Amino acid sequence: MEGPKAVHYFQADKVRNDLLWMTGFQVTALSQKSKDKISNDFICHTNINYIEQEHHDRWNLKDRINLQYPRLISLSHGIESMNFPEGYGFPFFANEKFFLITQSLNHNISDSIFQLKHHISIKYKSDRLKTLMPKTVYMQIPFSKEQIKDSEIGKIEMNTCIPVETKNHTYTDDQGNLLSGHWKINLGKQEFKSNITDQLSLKDTLRVHQITPHLHPFAETFALRDITTNNVLFNCKVINHKNKIGLSRTPAFSSIEGILLYPDHEYELLLRTNNTTNEIQDMMASMFMFFYDDEMADKINNYKTKSEN
C-alpha cells in the first residue's frame, strides 16, 4: 500500500458520444526501458473509477450519487484480469471520463531499483448487452484505541484487530464503534467475519453475475455467506506463492445464470488467513460485485428507441 503510484483520467474517445459496454479488464507489468513483460509480482492495485456525478447525471439517476463508492474494479496481484459473463457489460459513453490509479509492488527483491509500467487493457463492445451495476463490499473489522496503544508497546493479541493506519480506511458503525478496512494479521492462522448487509443496501431482489475479490498475500479463503439461510454463495480459494510472498491466483465468480440476493436477508464476508512468515503482515479484503441493473436497462431501452427514431 506504500508503493509508487500513478493517476490518470481517460476517455475511450473524446469526440464521440456512442453508447458502449465494458466487458473486461487486464493489467500487465512491463519494463519501462525494454517494454518487455515482467513478473506480475510488481502489480499492486489497478483501480478504475467512474465519475459518478457524470455517469448518473447522464441517465437522470441523481438519486444514486453518494450511495456507493464509484469504483468499477480493482485488479491486483493474483487477479490481473477479469471478464464479465458473455452477453453482459457496464454501459458508458465513449467520451465519458474515468479515473485510473495504478500502484506498484515489490515483496521479494531487495537492494534493486526497478523502472516499470503497467499496461492496462479495457475490453468493450458497441453491441447492446445486458446491463451490470457495480457494488463494492469490504471487510470492516472492529478495533479500539486501547488495541492501538497495546500494539505500540508490542502487545498484540491473536484475535484483536490492529489497523495499519487510522485515516483512509477507518470507519464507524451506527453505534460509533471504530472499524478498520486495512488491518494487521498475526502469525499463523486467523479467521475474520464482517456483516455487509448495510453496504449492499438492497432495496429489491437482485441477481449478481460477477464477483471479483481483492485480497492481500496470506489470504487462504474468502467467502460470501447468506446469514439468513446459512448458505455460502461464493467461496474463493486463494493460491499463494510457495517460495516467496505473493498471490498466484485469486478465483472470481462469473455466471450467466447468476445468484439471487434478497433485501430481507443478512449477508457477511468470511476470511481465513495463514501468515507463514515470522512478521506481522497487512490485509484488505473486498468483493467487487456486479448485479443486473433493471432500472438502467429501462433507461437504455428508451435511449435506444429515441436514437433509432
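The values are calculated or read from the model by the stated rules, or taken from the named source; none is laboratory data. Everything numeric here is computed off the predicted structure, so don't read it as measured data. Backbone-built Cβ (ideal geometry, glycine too); neighbour counts: all protein chains shown. Accessible surface is based on the protein model in full, side chains and every heavy atom, while ligands, DNA and RNA are left aside. Shrake-Rupley method; radii C 1.70, N 1.55, O 1.52, S 1.80 Å.
For every helix of n ≥ 4 consecutive DSSP H residues, a contribution of -39,500 (n - 2.57) applies; sum these over the chain, divide by its total residues, and give [θ] at 222 nm rounded to the nearest 500 deg cm²/dmol.
Counting only the DSSP helices, I get -3000 deg cm²/dmol.
Sort 28-38, 63-73 by packing, meaning the average of other beta carbons within 10 Å per residue, with the highest value first.
Going by the mean number of other Cβ atoms within 10 Å, highest first, we get 63-73, 28-38.
Could you state how much accessible area W59 has, in square angstrom rounded to the nearest 10, with a 1.4 Å probe and all protein chains kept in place?
Probe radius 1.4 Å; accessible area of W59 about 20 Å².
Does a label point 7 Å from the Cα of Q11, set along Cα-to-beta-carbon, have any residues of segment 89-108 with amide nitrogen under 17 Å, and which are they?
92-100, by backbone N distance to the label point.
Figure the gain on full extension for K145 and L187 (residue separation times 0.36 nm, minus the Cα-Cα span) and round it to one decimal in nm.
Full extension of this stretch gives 12.9 nm more.
If packing is taken as the mean number of other Cβ atoms within 10 Å per residue, what is the order of 286-295, 168-177, 259-268, highest first?
286-295, 259-268, 168-177
Measure off, as a whole percent, the carbon and sulfur share of the 1.4 Å-probe accessible area of the chain, all protein chains present.
On the way: 7430 of 16280 Å².
The computed percentage sits at 46.
Of all GluC sites (Glu not before Pro) in segment 1-91, which ones are in loop regions per DSSP and have a Cβ with at most 14 other Cβ atoms within 10 Å?
When the GluC sites (Glu not before Pro) of segment 1-91 are filtered for loop state and at most 14 Cβ neighbours within 10 Å, E2, E86 remain.
For K125, give me every one of the aspartates and glutamates with a C-alpha distance below 14 angstrom, ignoring sequence neighbours fewer than eight places off in its own chain.
D13, D18, E86
So which aspartates and glutamates pass the test for K184, namely a Cα distance under 17 Å, with those fewer than 8 places away in the same chain ruled out?
E2, E146, D150, E152, E157, E165, E220, E279, D282
How much net charge surrounds H265 when only other residues with a Cβ under 14 Å from its Cβ are counted (Lys, Arg +1; Asp, Glu -1)?
On the way: positive: K203, R207, R225; negative: D198, D204, D226, D264, E266, E268.
Taking every other residue near H265 into account, the sum is -3.
Provide the net charge surrounding N235, with neighbours chosen by a C-beta distance below 15 Å and charges set as Lys +1, Arg +1, Asp -1, Glu -1.
Charge balance near N235 sits at +1.
So which trypsin sites (Lys or Arg not before Pro) in segment 170-256 are both in a DSSP loop and have at most 15 other Cβ atoms within 10 Å of their Cβ?
K203, K242, K244
Hey, which of these cross-link pairs are over 26 Å Cα-Cα: K35/K123; K33/K237; K97/K299; K14/K203?
Result: K33/K237; K14/K203 exceed 26 Å.
Work out, step by step, the length gained on full extension between N177 and D198: first 0.36 nm times the residue separation, then minus their alpha carbon distance; give nm to one decimal.
Length difference between fully extended and current span is 6.0 nm.
Post the alpha-carbon centroid distance, segment 41-63 to segment 230-309, in whole angstrom.
Computed from Cα coordinates, the inter-centre distance equals 17 Å.
Note down the net charge around S112, summing +1 for each Lys or Arg and -1 for each Asp or Glu among other residues with Cβ under 15 Å from its Cβ.
Taking every Cβ under 15 Å from that of S112, the sum is 0.
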